[in-house]
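No value in this document is a laboratory result; all are computed from the given coordinates. Just so it is clear, the structure is predicted and the values come from calculations on it, not from any experiment. Please note: Cβ atoms are built from the backbone with ideal geometry, for glycine as well, and neighbour counts cover all protein chains shown.
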Amino acid sequence: MTRDDPRDFSERGRRFTDYRGREHVVEYSVCSPLGYRIYVSRQALRHLRRHRFAAERENDIPRVLSNPDLIVPSYAEPMTHLYFKAYRDGLLLLAVQEKEGLRFLVTGYEAARVKGLREERITQQDFLYLRGGFRWKRWR
């Protein structure tokens, strides 16, 4: 693991079961700015490749998880955290779920806006993490 590459391969091959009962194999993990470890599985990466915007940024995923622009809870599933990273051509959303104390990447795709802001289901007080300089009003 280097400064530019926050991936930790020490638990590669570890197995866990997701919220739907499917088995996953850990490819690498990343430390979140919220202080927990996020496991990225082969299956999650394969799923992510089905979403063009996320697939084009697959190499950025470790950096997005370790240094996102914004983290908010999902208003539909509070144990799911949504990680956002703004690019010139769009907003990348990575969904991280928790099951039995283990946090893992579920999916990633292009989001038109920060989910829940416009509907006022989440407010600025709900932000779990906000990187200085992120223009969240642009994505409202």
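Label-to-label distance for Arg42 and Asn67 is 3.0 nm, based on points extended 7 Å past Cα in the beta-carbon direction.
Each of Leu91, Leu45, Ile61 was placed along the dipole of the chain (beta-carbon charges, centred on the mean Cα), and the one lying farthest toward the positive end is Leu91.
A straight Cα-to-Cα reach below 21 Å connects Lys115 with the lysines Lys85, Lys137, residues fewer than 8 places away in its own chain not being considered.
Of all DSSP-defined beta bridges confined to the stretch 15-139, some 95% are antiparallel rather than parallel. Each residue of the stretch 80-87 was assigned a 3J(HN,Hα) from its phi angle through the Karplus curve 6.51 cos²θ - 1.76 cosθ + 1.60 (θ = phi - 60°); the sequence is 9, 9, 9, 9, 10, 9, 8, 10 Hz, with glycine and proline shown as x. Put the Cα centre of the stretch 77-140 next to the Cα centre of the stretch 32-51 and the gap is 14 Å.
Per-residue 3J(HN,Hα) values for the stretch 100-106, derived from phi via the Karplus relation 6.51 cos²θ - 1.76 cosθ + 1.60 with θ = phi - 60°, read 6, x, 9, 9, 8, 5, 9 Hz in sequence order (x marks Gly and Pro).
When +1 charges are put on Lys and Arg Cβ atoms and -1 charges on Asp and Glu Cβ atoms, the dipole computed for the chain relative to its Cα centre reaches about 320 debye.
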